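Asks: Supplied in structure tokens, the structure appears directly below.
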Amino acid sequence: MKVKTQKKISAKVIVTRIFTILLLTVLLAYLIFNSIKLFTSPTDIFVVEEGVLDSEETVDAYVIRNEIVLQGNNYKNGMERIIVEGNRVGKSEPVFRYYVNGEDTIKSEIDELDKEIAEVQKSEKINYTTDIEVLKGKIKELEEKIYNTNNIEEINKYKKEIDDYTYKISTIVGESSPKGSYLKELIDKKTECMNKLTSGAEEIKATESGTVSYRVDNLEEVFTTKDFNYLTEDFLNSLELKTGELIETSNEKGKVITEFNCYLAVVMNSEAAKNAKVDDNVIIKLDSENKLNAKIMHINECNGSRVLIFKIDDLPEKLLNYRKLSVNVIWWEKTGLKVPVSALKEQEGKYYLERNRAGYNVDVLVKVLKQNESYAIVTNYTTNELQEMGYSYKQIKDMYTIKQYDKIKISK
């Protein structure tokens, strides 16, 4: 009996060992299979977040504006600006004036007279009338404006206004002074000098209202907006303009930009440009802070190239200062849930994301709004959309959704 019992125990051990070996073999095979699968098709977790996706390209653009150049006969004398760069001017209003011959000498004489007038006024008893008090108040306001600006043109403009008000105060004081007084004599001399400046100066007025600029490159009449057919690639290249070069400020002439909008002419041969049509809307990005809405107004095709003319209903300073500059054309831009394209699983023309929440994976049906080679902007379908796709109320109710900060699986 003991011998038989020993045989039974040995059989159990053998069976146990065989089972253990088989179990270990299966486990090892499973580990090897998953290792190979991980190596050939590795997965990772991506956290869904709000993002922006766009299709854009960097190009050189030629700036076209409605411009009227202003120039007089005495342009060799140099000029004094009446309207500051970038400010508006009305029709028939003075924009700038040319200096008269001997202006520096006359101005020096006026400066000396101002010093003498100031000294004499200190010694004379002055009755400050209401008019004088008003003028002194205006001078104080202008001094505050000078303190609060760094624009040299504005500072010079305010100083000129202060000089005018100071002269008016002196005139009022002089008129109240006794006949034949020294103060009145000095004021009369200053008036005579000022008349020399104004009577001999050539003042240039605006023929149309608009924005004043003194950056003149002599291309104002070359780039016109009446007919865009002349804007071909060969024509633009023939101008040999440098990208990003500031238009120099002129000391002989100025101009008035008559409209608030402008146009950009761009040579483009990308796939997006080839598919573009008149009236398509795009975004023009000048820099990180300036994005402008634009519309395609005209397209010229010649020798396999395309020139697109964009209209921008705005005229920021950067588009005043350059004739040719680098911009980004954004064909489309979408904001929403941004996911890697590699996370999308396509089944029968529909797209799914494998969502992982609390260790539980589910497939979520999503609508792809826009995508490029790397990323896609997705959203959840609305109930109406799902019903139109043929889903029942119960199916829609049981569906999962995707939201910000969800974890999804992607294949590397």
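The numbers here are math on the coordinates, done by the rules we state, and not lab data. These numbers were taken from a predicted model, which means no experiment stands behind them. When we count neighbours, we look across all protein chains shown, and the Cβ atoms used for this are built from the backbone with ideal geometry, even at glycine.
Asks: For region 100-200, with the dipole built from +1 on Lys and Arg beta-carbon atoms and -1 on Asp and Glu ones, taken about the Cα centre, which of Tyr147, Val173, Ile117 lies farthest toward the positive end?
Replies: Going by the Cα projections, it comes out as Val173.
Asks: Answer with one residue from Thr335, Asn361, Leu239: the one whose Cα lies farthest towards the positive end of the charge dipole of the chain, charges on Cβ with Lys, Arg +1 and Asp, Glu -1.
Replies: Toward the positive end, the furthest listed residue is Asn361.
Asks: In the structure shown, do any of Lys122/Lys145; Lys274/Lys407; Lys138/Lys205; Lys91/Lys226 have a Cα-Cα gap over 30 Å, and if so which?
Replies: In this structure, Lys274/Lys407 exceed 30 Å between Cα atoms.
Asks: Taking the chain as a Gaussian network, Cα atoms linked when under 10 Å apart, which of Leu264, Leu231, Leu186 shows the biggest mean-square fluctuation?
Replies: Largest GNM mean-square fluctuation: Leu186.
Asks: Let me ask something additional. At a 10 Å Cβ-Cβ cut-off, how would you order Glu220, Glu109, fewest neighbours first?
Replies: Glu109, Glu220
Asks: In what order do Ile155, Ile110, Ile14 fall by count of nearby beta-carbon atoms within 10 Å, going from fewest to most?
Replies: Ile14, Ile155, Ile110
Asks: Now a separate question. Counting other beta carbons within 10 Å of each residue's own, what order do Tyr375, Tyr393, Tyr62 fall into, fewest first? Let's see the in-between values first.
Replies: Numbers: Tyr375 17, Tyr393 10, Tyr62 23.
So the ranking, lowest neighbour count to highest, is Tyr393, Tyr375, Tyr62.
Asks: Over 19 Å between Cα atoms, which of Lys291/Lys334; Lys160/Lys318; Lys140/Lys168; Lys107/Lys157 qualify?
Replies: From Lys291/Lys334; Lys160/Lys318; Lys140/Lys168; Lys107/Lys157, over 19 Å: Lys160/Lys318.
Asks: Could you pull out every residue, at least 5 positions away or on a different chain, whose amide H is within less than 5 Å of the one on Tyr351? Hs are placed 1.01 Å off N in the peptide plane, and Pro or chain starts have none.
Replies: Long-range HN contacts for Tyr351: Val366.
Asks: Given q = 0.23, 0.24, 0.27 Å⁻¹, what are the Debye log10 I(q)/I(0) values for region 324-383, with equal point scatterers placed on the Cα positions and solvent ignored?
Replies: Those come out to -1.00, -1.06, -1.22, one per q.
Asks: To one decimal place, what orientation-averaged projected area in nm² is obtained for the convex hull of the Cα set of region 192-256?
Replies: Here the figure is 6.7 nm², rounded to one decimal.
Asks: With +1 on the Cβ of every Lys and Arg and -1 on the Cβ of every Asp and Glu, and nothing else charged, how large is the dipole of the chain about its Cα centre, in debye rounded to the nearest 20?
Replies: Working: 60 positive and 67 negative charges, 896 e Å.
About 4300 debye.
Asks: Quick one: which residues, 5 or more positions from Glu85 or on another chain, have an amide H under 5 Å from its amide H? H modelled 1.01 Å from N in the peptide plane, none for Pro or chain starts.
Replies: It is none; the list stays empty.
Asks: How about region 332-400: which GluC sites (Glu not before Pro) there lie in a loop by DSSP and see at most 15 other Cβ atoms within 10 Å?
Replies: Passing sites in region 332-400 are Glu348, Glu373.
Asks: Go through Asn77, Phe46, Cys262 and say which Cα lies farthest out towards the positive end of the charge dipole of the chain; charges sit on Cβ, +1 for Lys and Arg, -1 for Asp and Glu.
Replies: With unit charges placed on the Cβ atoms, the residue in question is Phe46.
Asks: While we're on this one: May I have the extent of the alpha carbons of the chain along their three principal axes, as whole Å values ordered from largest to smallest?
Replies: Result, largest extent first: 157, 60, 43 Å.
Asks: Taking region 100-200 as the region of interest, what is the percent of Cα-Cα pairs per 5 angstrom bin, listed from the shortest bin to the one with the maximum distance?
Replies: Calculated over all Cα pairs of region 100-200, the distribution is 2, 12, 20, 21, 20, 15, 8, 2, 0 percent.
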